[in-house]
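What follows is a short report on a single structure.
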Amino acid sequence: MSGIRKTMGSVASYILPQNTGKTDDPDPVTKLTSRDKYLVRSTWSKAMKTPADNGVLLLTMFFEKHPDYIQLFPFKDIPQEEFKQNVRFRAHANSVMYALSSIVDALNDNELLIQLLTKTGSSHVPRKVTPEAFIHLKEVTLELFAQLFKPEEVEAWKKTLDVAFSVILKGVESVKDT
Ligand code: HEM
């Protein structure tokens, strides 16, 4: 252990009495600290108590902000009010939630993480999903999390999603280049 670093980010853990074993040493690849990972994992476990509902909430927000992307989906011809009942809409909502779960679970396994994220990017290219669409999804996810989580937690998610989506975009580019 390299000792306690009293940087800004560690102030809360320094003041709080419980010993959580969290440190602020950044991962050499993702730059995420143990505290970032702890905050991401603990908030995510709350969101995953009702994955389908929260996935639907996320995608509903996403399509309200960016209705153009609806055209890419098989449910494009049904009225937006009926999305919540549509099985393919719920399936994609669920997939996005479980993919986020895989990211959270793989935070300590960078090789697996990179593999999962690259594949998410490359598998969407045939569906005409652009890099901008992924960035828009990331922004809406952070917007939703800002409504659900505390500022420090949202900041940890922002760091995590910035690195995760940068790898997804590499996956998109890897197909486009070939
Ligand atoms: C982290 C981000 C995302 C994850 C993890 C994700 C995950 C998935 C998964 C697991 C599937 C079905 C399995 C497969 O790959 O064949 C899928 C399908 C699909 N995704 Fe995503 N997706 C993401 C973002 C997006 C975005 C930003 C868009 C477009 C705006 C999009 C559009 C689609 C479409 C059109 C399908 C096919 C749906 C169907 O045929 O029912 N996805 N996605």
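Any read-out appearing in this document is the output of simple, stated calculations on the displayed coordinates, not a laboratory observation. It should be emphasised that the depicted structure is a prediction, and the values quoted were computed from it without experimental measurement. For neighbour counting, all protein chains shown are included, and Cβ atoms are generated from backbone atoms with ideal geometry for every residue, glycine included.
Looking at the structure I just gave you, is Leu100 without any contact (Cβ under 8 Å) to a residue 60 or more places away in the chain and in contact with a Phe, Trp or Tyr (Cβ under 9 Å, 6 or more places away or on another chain)? For Leu100, the condition - without any contact (Cβ under 8 Å) to a residue 60 or more places away in the chain and in contact with a Phe, Trp or Tyr (Cβ under 9 Å, 6 or more places away or on another chain) - is met.
The set of residues in segment 27-63 that are surrounded by fewer than 15 Cβ atoms within 10 Å (Cβ to Cβ) and over 17 Å from Ser101 (Cα atoms) comprises Pro28, Val29, Lys31.
Within segment 62-75, residues that are among the basic types (Lys, Arg) have Cβ atoms under 8 Å from residues that are more than 9 Å from the ligand (Cβ to nearest atom) in these pairs: Lys65/Val140, counting only partners at least 6 apart in sequence or on another chain.
Within segment 102-119, being within 17 Å of Asp36 (Cβ to Cβ) and β-branched (Val, Ile, Thr) holds for Ile103, Val104.
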